[in-house]
Each structure stands twice: as structure tokens, then as C-alpha cells.
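Asker: Have a look at this one before I ask anything.
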Amino acid sequence: MPTVIAIASTKGGVTKTTTTANLAGILADFGMHVLVMDGDQQPSLTKYYPIVSRAPHGLTQVITRGGLVTEDCISKTAVPGLDIICSDVAGDDNILQSWLKEREDRLFIMRRAVRRSPVLERYQVVLIDTQGAVGELQKTAAMAADRIISPIKPDILSANEFAGGTLAMLRSINAMADFNPDLRSGDLYVLISALDRSKNSREIAEHIRRHFIGQPYVKGVLNTVIPHAAAYTAAATHQVPVHRYDKRRNVENSAWEVMHRLAWELFPELDQIYVDSIDRDEADPREGA
Ligand SMILES: Nc1ncnc2c1ncn2[C@@H]1O[C@H](COP(=O)(O)OP(=O)(O)O)[C@@H](O)[C@H]1O
Ligand SMILES: [Mg+2]
């Protein structure tokens, strides 16, 4: 059974896609079989890495078949071990959101997709990127996930939006969970992201830590903080995972170190292992762990 992580926030521009792509990239470099699903109608994750084998279909087919993943929906990226279900909705169309609205089982469609063959046997991790808004796609992704990572940029607007938007969405989808545990979403973890060095940002980050721990639906604030750094944008431009772009070892806030810390925190079985010690073809680090 894969570990399913949705990257979700009702706010745009908080580094959801960047985090999804880079986390997927480093986990694949750890030797894991990783599937990412682009749940944003604006296909930024789909364009993040070069595609070496493009499937004729993508997310539209997976959703409109009620959560059925078939081979013709899975594309291969240039990162070995990293496959993707591409966003394939033309233009700004809200077709999937409105299609989902009509379905009684809308909250379970993505869950079905990630818990059935072939995803079930083939992948150890599934990451679902979502669009920064409230909608049915976001909700079905939150319900499919074991964990939801919600990046927050340490500015007041993002912090407020988080409380008002993301937590409200979780409240609405978990409203019935006390009566039926099947109706429970994944656990939410806040990720402080794009933290710059200003005093103001640091204070807001501290506030986020204190304020959100213990809030309903918030399981925790991740210890790992993603700093604001040019490497993240530059790596995206070069279409490579950021830990391969800024490879400085033993530099506390280099992308190499930060992305390892994030992977270790989410997958403690990887703790203190670096991807350059992994022979992709040889071993899955989690086997025998
Ligand atoms: N750690 C970072 N430091 C600086 N800029 C970043 C960082 N992470 C992402 N960015 C930039 O911030 C912008 C928004 O990121 P993106 O991942 O597209 O957000 P979202 O998917 O939440 O809308 C992009 O231009 C991206 O390159
Ligand atoms: Mg995005």
C-alpha cells in the first residue's frame, strides 16, 4: 500500500507544486517508486520535469472513470522512478470540478484511484498536487491522503488564509468522521516554506508554530523549514529536483540538506541516509528496513 500525501492549501503561490516536485524527486532518488498526480487544472507540475514517455491520457480519464488508473494514464518523467498522471484539462476549464459535483461518491474517487491496482502494487509513494482554491478535486485529494502537507509562507495573509480556508475545508469534509471513520481525511501537517531572513518573517513563522499546533485537524507543524532561496526557482527552470541543483553538503540550508531533512522527517526509515549512497537499481531503502 503506498503512502499517499496530498499537498494542499486553499491559497495559490505557497510553493505547493515546487514542494511536490522536489519531494517526489528526492524520494525517487532514494530508490522509491513514486507517482505524482497533477490535480491542478493549470498544469505546472505536469510541465515541471521533462516527460520521456507521454501517456495519451491523464487525470481527466482517471477521475471521470470514477477513480480507475490505467496504463494509458501514466507518463514517465526524466527522473528515474518518478511517474506522473498529467493534468490534461484544456485551458481554465472547471470541467473536473463540475463533473465531481454531480457524483455522490466524489470524496472517494481519488482514494479509489490510489488504493487499487496498478497504483497499489507499483508505487511506494503517491504525491498529489492540488490547486490553491477550495473545490471538489482538493477535497477528494485530501480524502485520498494519509497525510496532507499544507505549505504556508510566513506572511500574515498566508497565515490568515490558512486558518480561514484550508482548515475550513478540512472541517467540512471531516464533519461526519465521528459517525463514520471512512469519512476522515488525512492528517494535516503545516510546512513553513519560503522563509526569508527578515525579522518579520521569523516572527510570523514562530507565531504559526505556536498558534497552529493543537488546532483541530492540524496534526503538527513540520520541523523542517524550506528557506526562501533562488535555487528553488532555478531548479524548476532547469527541470531538475532542487537537491540535485544545489548540492552543497554540510551547509545547513542548502537545498541538498533541506530536502534530505524533509524526506527524513516524513519517512523516518530514511533517516541519515543520503541519496548519493543509494544505488537505484540495487535496492529499495525501505525493503528490509
Ligand atoms: N523555497 C523557495 N524560495 C523562493 N521561491 C520559491 C520557493 N519555492 C517556490 N518558489 C517560487 O514561488 C512561486 C510559487 O511556487 P509554486 O510551487 O508554483 O506555488 P503553488 O503551487 O502553491 O501555487 C514559484 O515561482 C516558485 O519558483
Ligand atoms: Mg501549483
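Each reported figure results from applying straightforward, stated rules to the coordinates on display, with no laboratory input. This structure is a prediction, so every number in the text was calculated from the model and none was measured. With ideal geometry, Cβ positions are generated from the backbone for all residues, glycine too; neighbour counts draw on all protein chains shown.
Asker: Beta carbons within 10 angstrom, averaged per residue: use that to sort the peptides 9-21, 188-200, 268-280, highest first.
Answerer: Ranking the peptides 9-21, 188-200, 268-280 by packing returns 9-21, 188-200, 268-280.
Asker: Now for a separate question. Which net charge results for the neighbourhood of W256, defined as the other residues with beta-carbon distances under 9 angstrom from its beta-carbon, given Lys and Arg at +1 and Asp and Glu at -1?
Answerer: Taking every Cβ under 9 Å from that of W256, the sum is +2.
Asker: Express in nm, to one decimal, how much length is gained between R147 and R184 on full extension, taking 0.36 nm for each residue of separation and deducting their alpha carbon distance.
Answerer: Gain on stretching R147 to R184: 12.2 nm.
Asker: Can you give the FRET efficiency to the nearest 0.05 for Q272 and K101, using r as the Cβ-Cβ distance and R₀ = 41 Å?
Answerer: E(calc), rounded to 0.05, equals 0.35.
Asker: Could you check the simple spin-label distance between H211 and L68, using points 7 Å along Cα→Cβ, in nm with one decimal?
Answerer: My value for the distance between the label points is 4.7 nm.
Asker: Of A230, L266, G135, which is farthest along the charge dipole of segment 119-270 in the positive direction, counting Lys and Arg as +1 and Asp and Glu as -1 at C-beta?
Answerer: Towards the positive end, the residue furthest out is A230.
Asker: Okay, moving on. Rank-order 144-156, 106-118, 165-177 by packing density, defined as the average count of other C-beta atoms within 10 Å over each peptide's residues, highest first.
Answerer: 144-156, 106-118, 165-177
Asker: I would also like to ask the following. For the chain, what ratio Rg/Rh do Cα atoms give with a Kirkwood hydrodynamic radius?
Answerer: We get a ratio of 0.94 for the chain.
Asker: Let me check I've understood the local charge: for S53, count other residues with C-beta under 10 angstrom from its C-beta, Lys and Arg +1, Asp and Glu -1. What total comes out?
Answerer: +1
Asker: On a straight-distance basis, which lysines could pair with K219 in a cross-link, Cα separation under 22 angstrom, same-chain partners fewer than 8 positions away excluded?
Answerer: Cα-Cα hits under 22 Å: K11, K16, K139, K153.
Asker: Taking 25 Å as R0, compute the FRET efficiency from the Cβ-Cβ separation of H238 and R280 and round it to 0.05.
Answerer: E(calc), rounded to 0.05, equals 0.75.
Asker: Sort out for me the Cα centre separation of segment 27-105 from segment 168-194, rounded to whole Å.
Answerer: One Cα centre to the other: 23 Å.
Asker: Counting DSSP beta bridges with both partners in segment 110-250, what percentage is antiparallel, nearest 5?
Answerer: 0 percent
Asker: Please get the size of the charge dipole for segment 94-204, origin at its Cα centre, with Cβ charges of +1 on Lys and Arg and -1 on Asp and Glu, quoted in debye to the nearest 20.
Answerer: My answer is approximately 180 debye.
Asker: Net charge near Q215: determine it from the other residues with C-beta under 15 Å of the C-beta of Q215, scoring Lys and Arg +1 and Asp and Glu -1.
Answerer: +2
Asker: If you don't mind, another one. Pulled fully out, how much extra length does the chain show between A175 and R202, if you take 0.36 nm times their separation in residues and subtract their Cα-Cα distance?
Answerer: Roughly 6.3 nm would be gained on extension.
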